[in-house]
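Presented below is the structure to which this report refers.
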Amino acid sequence: MSQRSRSAMTLTVLTIVGVLASTSVLVGGLSSSRGALVLPAVDLPPGCSRPVGGFLVVMSKYGYNDSVLEGAGPSKAWPVITVPQGTVVNITVCNADPTEAHGFQVSHYYDSKIVAVAPGQVISISFVADKAGTFQIYCQIWCAIHLFMQYGQLRVTPAGAP
């Protein structure tokens, strides 16, 4: 077997194992963070706080803002940030995962480069939500919880909408 074939087979096996592990976490009895499951305390990095009038996204081994426990997936967005068109959006992103870097992108608004947030790192982003629509919030860095960090949404309502 050639080196290329072994590499392809290894990648396939790792992908299958990752999908199975992620699926078993979701199906294996974890419930919503509003349910009876008690999460271990997470130490937030210094500077990890919601900006005035803005939004806080905390990355951990449970995804963005506990997205695994919220059932994030193709049929359920989590987290969801909703703002009117023309709003200045301020988001503080904190990586409370002690071992893995995670990515943070917002399609159309914050996706010109891959942004890796190291363990313990805090970043602040700001942009004007000038286009109405629904935009994906997602991770571009492969990690153990990656599958559940693909379904966040920024919902920008049209200017003047009720």
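Some notes on this structure:
- Our coupling estimate for region 72-77, obtained by passing each phi through the Karplus curve with A = 6.51, B = -1.76, C = 1.60 and θ = phi - 60°, is 4, x, x, 9, 9, 6 Hz, Gly and Pro reported as x.
- Kirkwood's formula applied to the C-alpha pairs of region 31-150 gives a hydrodynamic radius of 14.7 angstrom.
- Exposure proxy for Asp43, Asp130: other Cβ atoms within 10 Å of each Cβ, ordered fewest to most, give Asp43, Asp130.
- Gain on full stretching of the segment that runs from Thr157 to Val83 - 0.36 nm per residue minus C-alpha separation: 26.0 nm
- Inter-probe distance in nm under a simple model that places probes 7 Å from Cα toward Cβ, at Arg50 and Ile123: 2.2
Throughout, read-outs are computed from the coordinates displayed, never taken from laboratory work. Please read these numbers as outputs of a predicted model, since none were measured by experiment. Glycine also receives a Cβ, built like all others from the backbone with ideal geometry; neighbour counts cover every protein chain displayed.
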